[in-house]
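Asks: Input: one structure, supplied below.
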Amino acid sequence: MASPSFFCYLLLHFSFKVMTSYAIGTGKFRAILIFGDSTVDTGNNNYVPTLFRANHSPYGINFINGLATGRFSDGWLVPDLLASGLGIKDSVPPFLYPQLSDQDVVTGVNFASAGSGLDELTTAASGVIPVSKHLKMFKRYLERLEGIVGREEASEIVGESLILISAGTNDFVFNYYDIPTRRLQFNISGYQDFVLQKLQTAIKKIYDMGGRKFIIPGLAPIGCIPLHRVANLLSDRSCKHDQNTDAVDFNVKLKNLLTTIQTSLRGIRLKYGNIYDPVVDIINNPAHYGFKETKRGCCGVGFLEVGPLCNVITPACRDASQFVFWDAVHPSQSVCKIVARNFMDELVPSLLHFSNV
């Protein structure tokens with residue numbers, strides 16, 4: 001008999017197919033390409049020398065057969081849900097996967113690395129892959145793609161790919177708030193501008209290599225992650241207001257930057273992915289979305305467990321679907337489904353119908 005996880009996978013896959021059939025009927029992305037951090041890494045960190053991995057139990061308890069794949073989640077991530085919903089493939093494999101097939105390459109891969117950032121200082125001590133090196137991996141990917149389908153076809157595939165860049169959170173968490181390395185050099189506004197300049201450079205390099213259709217998510221409410229809430233013991237572990245305000249300010253700047261880039265690069269389409277407002281609404285109105293717990297993660301006690309600290313000694317709760325957060329930092333699969341659905345409804349249609357010629 002097939003496992004419950006497998007039936008959950010089939011139901012999830014079918015629901016996304018139905019939800020997006022209106023978009024697929026008039027056009028289709030050729031592939032999906034992912035850059036960023038742990039919110040979108042489907043397993044690249046399994047193949048680099050770092051402790052920041054999620055290839056162990058209880059990660060993946062709601063994935064197929066309860067398999068821990070390196071995803072920092074109880075199950076599927078937004079890239080997987082987008083790829084499945086768009087009819088591209090069932091999930092997005094990590095580029096560093098040793099058995100990556102030609103078909104995987106043709107339909108798109110994932111360059112993201114958990115713990116990564118746009119600021120190279122963010123990854124200096126962790127051993128994970130900064131976004132600047134994701135771009136070098138992308139170049140290697142293009143070389144392999146051209147070897148499979150030829151240069152002209154490869155160019156068409158990349159130009160008609162959905163490109164997701166989800167990065168920036170770790171730069172503020174690791175380099176500004178928790179370890180104030182960059183705070184000695186920048187005020188918050190200055191560091192926001194510094195990170196956004198790095199993002200602009202990354203977008204331009206991907207554009208120069210053929211990328212045209214982008215979703216760029218903003219920052220989530222950083223002050224509401226359980227790891228940061230634990231510091232507010234005297235205020236019932238409330239969100240850290242100053243960090244959330246910083247995230248809002250960053251997102252305003254990001255939206256303005258994307259408008260500027262779109263007017264300066266011919267044939268590019270950039271869509272801002274609003275993460276902040278939906279997650280805040282989920283946290284403020286959990287029952288409306290079917291959640292019961294908003295302040296701690298499902299793994300262990302829920303305030304410190306992440307990566308190696310989320311393990312068999314700190315087992316997961318009974319029902320991760322009732323938790324907004326899976327561990328002390330990352331959203332549960334249930335939240336990823338809401339975010340992916342929003343992207344599908346609000347952003348994907350205009351990208352599908354956009355011609356970059």
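Asks: Taking the range 119-147 as the region of interest, how many residues are modelled with pLDDT of 95 or more, touching a Ser or Thr at 6+ places or on another chain (Cβ under 8 Å) and outside any helix (DSSP H, G or I)?
Replies: Qualifying residue count for the region: 3.
Asks: When residue 119 is evaluated against the numbered criteria (1) in contact with a helix residue (DSSP H, G or I) (Cβ under 9 Å, 6 or more places away or on another chain); (2) over 20 Å from residue 168 (Cα atoms), which criterion, by number, is the only one it fails?
Replies: (2)
Asks: I've got another one for you. Could we say that residue 159 is more than 18 Å from the chain's Cα centre (by Cα), over 30 Å from residue 244 (Cα atoms) and open to solvent by 20 Å² or more (accessible area, probe 1.4 Å) here?
Replies: Criteria not met by residue 159.
Asks: Looking at (1) part of a helix (DSSP H, G or I); (2) in contact with a Ser or Thr (Cβ under 9 Å, 6 or more places away or on another chain); (3) farther than 24 Å from residue 171 by Cα; (4) open to solvent by 20 Å² or more (accessible area, probe 1.4 Å), can you tell me which one residue 90 breaks?
Replies: Result: residue 90 fails condition (1) only.
Asks: Could you tell me whether residue 334 is modelled with pLDDT of 95 or more, under 25 Å from residue 55 (Cβ atoms) and either open to solvent by less than 30 Å² (accessible area, probe 1.4 Å) or assigned to a loop (DSSP other than H, G, I, E, B) (or both)?
Replies: For residue 334, the condition - modelled with pLDDT of 95 or more, under 25 Å from residue 55 (Cβ atoms) and either open to solvent by less than 30 Å² (accessible area, probe 1.4 Å) or assigned to a loop (DSSP other than H, G, I, E, B) (or both) - is met.
Asks: Which residues, taken from the range 267-317, are aromatic (Phe, Trp, Tyr) and assigned to a loop (DSSP other than H, G, I, E, B)?
Replies: 291, 303
The rows are residues; the columns are (1) of a type in the set (D, E, K, R); (2) touching a Gly at 6+ places or on another chain (Cβ under 9 Å); (3) on the phi < 0 side of the Ramachandran plot.
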residue: 263; (1), (2), (3): no, no, yes
residue: 269; (1), (2), (3): yes, no, yes
residue: 273; (1), (2), (3): no, yes, yes
residue: 296; (1), (2), (3): yes, yes, yes
residue: 314; (1), (2), (3): no, yes, yes
residue: 324; (1), (2), (3): no, yes, yes
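Asks: Determine if the range 148-157 includes at least one residue that is within 26 Å of residue 352 (Cα to Cα), part of a helix (DSSP H, G or I), in contact with a helix residue (DSSP H, G or I) (Cβ under 8 Å, 6 or more places away or on another chain) and touching a residue at least 60 places away in the same chain (Cβ under 8 Å).
Replies: Looking through the range 148-157, at least one residue is within 26 Å of residue 352 (Cα to Cα), part of a helix (DSSP H, G or I), in contact with a helix residue (DSSP H, G or I) (Cβ under 8 Å, 6 or more places away or on another chain) and touching a residue at least 60 places away in the same chain (Cβ under 8 Å).
Asks: Cβ-Cβ below 6 Å, separation at least six or inter-chain, first residue in the range 221-249 and open to solvent by 20 Å² or more (accessible area, probe 1.4 Å) and at pLDDT below 90, second outside any helix (DSSP H, G or I) and among the hydrophobic types (A, V, I, L, M, F, W, C): which pairs?
Replies: 230/303
Asks: Evaluate the following for residue 212: is it farther than 30 Å from residue 295 by Cβ, charged (D, E, K, R) and touching a helix residue (DSSP H, G or I) at 6+ places or on another chain (Cβ under 7 Å)?
Replies: It is true that residue 212 is farther than 30 Å from residue 295 by Cβ, charged (D, E, K, R) and touching a helix residue (DSSP H, G or I) at 6+ places or on another chain (Cβ under 7 Å).
Asks: Here's a follow-up. Tally up the residues in the range 257-281 that are open to solvent by less than 30 Å² (accessible area, probe 1.4 Å), of a type outside the set (A, V, I, L, M, F, W, C) and touching a strand residue (DSSP E or B) at 6+ places or on another chain (Cβ under 8 Å), please.
Replies: So the count comes out to 1.
Asks: Still on this structure, I have one more. Could you count how many residues in the range 166-193 are closer than 29 Å to residue 42 by Cβ and polar (S, T, N, Q)?
Replies: 6
Asks: Pick from 83, 54: which is assigned to a helix (DSSP H, G or I) and in contact with a Lys or Arg (Cβ under 8 Å, 6 or more places away or on another chain)?
Replies: 83
Asks: So, of the residues in the range 117-128 that are touching a residue at least 60 places away in the same chain (Cβ under 8 Å) and open to solvent by less than 20 Å² (accessible area, probe 1.4 Å), which turns out to be nearest to residue 202 (Cα to Cα)?
Replies: 118
Asks: Do you know which residues across the range 101-116 are touching a residue at least 24 places away in the same chain (Cβ under 8 Å), over 29 Å from residue 180 (Cα atoms) and part of a loop (DSSP other than H, G, I, E, B)?
Replies: Of everything in the range 101-116, those that are touching a residue at least 24 places away in the same chain (Cβ under 8 Å), over 29 Å from residue 180 (Cα atoms) and part of a loop (DSSP other than H, G, I, E, B) turn out to be 108, 109.
The values are calculated or read from the model by the stated rules, or taken from the named source; none is laboratory data. This structure is a prediction, so every number in the text was calculated from the model and none was measured. Don't worry about glycine lacking a Cβ; one is built from the backbone with ideal geometry, like all the others, and counts go over all protein chains shown. We work out accessible area using only protein heavy atoms, side chains counted, and drop any ligands, DNA or RNA first. Shrake-Rupley method; radii C 1.70, N 1.55, O 1.52, S 1.80 Å.
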